[in-house]
Amino acid sequence: MIDVIIIGAGPGGMTAAIYAQRANLKTLMLEKAAPGGKMISTWEVENYAGLGKVTGFEISEKMFNHTQELGIEYQYGDVVKVEDHGEIKRVITEDGTVYEAYAVIIGSGTKPRKLGAPGEDRLSSKGISWCAVCDGAFFKNKHVLVLGGGNSAIEEAVYLTTMNVTVTVVNILDTLQADKKAIEQAKETGMIDFILGHEVVSFNGDAKLENVTIRDVKSHQEKVLDVQGAFIFIGQIPETGFLDSLAITNQYGYIDVNARMETKVPGIYGIGDVIDKELRQIVTAASDGAIAAQAAAKYIETVKRLKNK
């Protein structure tokens, strides 16, 4: 019998696992990709206290190694359903495996939001990407479009310039939403220009992306950008489809939790990017994980005590 199952091995999930294991709970981490989540594909992190400037991969590796040094069980698993059976929770993966535990901590994170423009799906991985760290090297000495105006878009645009990629940032709003420092860094590269107040009409090309048609949102005038690549950073969608039967998400798909990371279902917790909160950062995800693990430990202690009476 497992005490606590943690769905997702991002910074929140791995921190929760560390705290749970140290609380003498039999702990299992399930992850459908690589440990670290989105953190692993983050080019540069410089706001995690004590580490200075590091890559997301380096933090991911350190956190995962820490979990393994503590003997935490880690398995591949694409979770398709979580069931509440009172004091027992069931976690079911795509291959039909059923795990049972007293508590479940959900840190499944988010996936990139797609634009939905013509040509996007057809040219995915053929010039269109949602990860500059993953695919940026393919566009060395080329010209690419970066869609979006937030920190993710601007920081990824800056990263692309380190590989001698020329970047045009296109944002549907007249202003950028990224913080001042990120915008200044982008301008200082001398390799990024900005087209604001424009939207993408279509991604064009046959075997690969050849150009992108954009449109002024006010005048509706269209023009074609000759680019060899397009990177899309227009937000995230929570990975919570497997929770439908529990009804613990809000209208946007994010998990509603209280200050103890508890959902309305006793023994089920939400952490990290997948919960409804203001700030989604590595440090806040780690904090969520620590809080959830402590809450789960107290919950499991109570369940076991009542069970043994």
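Of everything in segment 26-53 that's outside any loop (DSSP other than H, G, I, E, B) and over 18 Å from the mean Cα position of the chain (by Cα), which residue is farthest from Q294 (Cα to Cα)? Don't jump to the end; show me each part of the working.
Kept after step one, since they are outside any loop (DSSP other than H, G, I, E, B), are these residues of segment 26-53: 27-31, 37-41, 45.
With the extra rule that they be over 18 Å from the mean Cα position of the chain (by Cα), the set shrinks to 27-28.
Values: T27: 13, L28: 16 Å.
The selected residue is L28.
Restricting attention to segment 248-289, and to residues there that are within 13 Å of G109 (Cβ to Cβ) and among the hydrophobic types (A, V, I, L, M, F, W, C), which single residue is farthest from the chain's Cα centre (by Cα)?
I255
Given the options V227, V200, name the one that is over 24 Å from G10 (Cα atoms), surrounded by 20 or more Cβ atoms within 10 Å (Cβ to Cβ) and more than 26 Å from the chain's Cα centre (by Cα). Walk me through it before giving the result.
Details: V200 fails: more than 26 Å from the chain's Cα centre (by Cα).
Only one candidate passes the filter, namely V227.
Return yes when E278 is among the charged types (D, E, K, R) and part of a loop (DSSP other than H, G, I, E, B) and no when it is not.
Values: among the charged types (D, E, K, R): yes; part of a loop (DSSP other than H, G, I, E, B): yes.
For E278, the condition - among the charged types (D, E, K, R) and part of a loop (DSSP other than H, G, I, E, B) - is met.
Condition first: under 21 Å from V201 (Cα atoms) and either surrounded by fewer than 23 Cβ atoms within 10 Å (Cβ to Cβ) or modelled with pLDDT under 95 (or both). Now tell me which residues in segment 154-169 satisfy that.
T168
Look at N204 and say whether it is modelled with pLDDT of 95 or more and of a type in the set (S, T, N, Q). Show your work before the answer.
Details: modelled with pLDDT of 95 or more: yes; of a type in the set (S, T, N, Q): yes.
Yes, satisfied.
Out of segment 77-92, which residues are out of contact with any Asp or Glu (no Cβ under 6 Å at 6 or more places or on another chain), surrounded by 14 or more Cβ atoms within 10 Å (Cβ to Cβ) and over 19 Å from D256 (Cα atoms)? I'd like the intermediate steps shown before the answer.
Going through segment 77-92, the residues out of contact with any Asp or Glu (no Cβ under 6 Å at 6 or more places or on another chain) turn out to be 77, 79, 81-87, 89, 91-92.
Going one step further and asking which of them are surrounded by 14 or more Cβ atoms within 10 Å (Cβ to Cβ), we end up with 77, 79, 81-84, 87, 89, 91-92.
Within segment 77-92, G77, V79, E87, V91, I92 meet the criteria.
Can you tell me which residue in segment 118-142 is modelled with the lowest pLDDT, limited to those that are in contact with a helix residue (DSSP H, G or I) (Cβ under 7 Å, 6 or more places away or on another chain) and not in a helix (DSSP H, G or I)?
By that ranking, first place goes to C131.
Take I248 and decide whether it is free of Cβ contacts under 8 Å to residues at least 60 places away in the same chain, in the same structural domain as G12 (by TED's automatic domain parsing) and crowded, with 18+ Cβ neighbours inside 10 Å.
Considered against the rule, which asks whether it is free of Cβ contacts under 8 Å to residues at least 60 places away in the same chain, in the same structural domain as G12 (by TED's automatic domain parsing) and crowded, with 18+ Cβ neighbours inside 10 Å, I248 comes out as yes.
Restricting to segment 265-309, and then to whatever is more than 23 Å from K81 (Cα to Cα) and hydroxyl-bearing (S, T, Y), can you tell me which residue is surrounded by the fewest Cβ atoms within 10 Å (Cβ to Cβ)?
T302
State all residues of segment 143-172 that are hydroxyl-bearing (S, T, Y) and either closer than 18 Å to N211 by Cα or part of a loop (DSSP other than H, G, I, E, B) (or both); if no residue qualifies, say none.
T162, T166, T168
Within the bounds of segment 71-81, is there any residue that is touching a Phe, Trp or Tyr at 6+ places or on another chain (Cβ under 9 Å), within 27 Å of E44 (Cβ to Cβ) and at pLDDT 95 or above?
Within segment 71-81 (the criterion being touching a Phe, Trp or Tyr at 6+ places or on another chain (Cβ under 9 Å), within 27 Å of E44 (Cβ to Cβ) and at pLDDT 95 or above), the answer is yes, since at least one residue qualifies.
The values are calculated or read from the model by the stated rules, or taken from the named source; none is laboratory data. Predicted model only: the values in this text are computed from it and were never measured. Cβ: placed from backbone, ideal geometry, glycine included. Neighbour counts: every protein chain shown.
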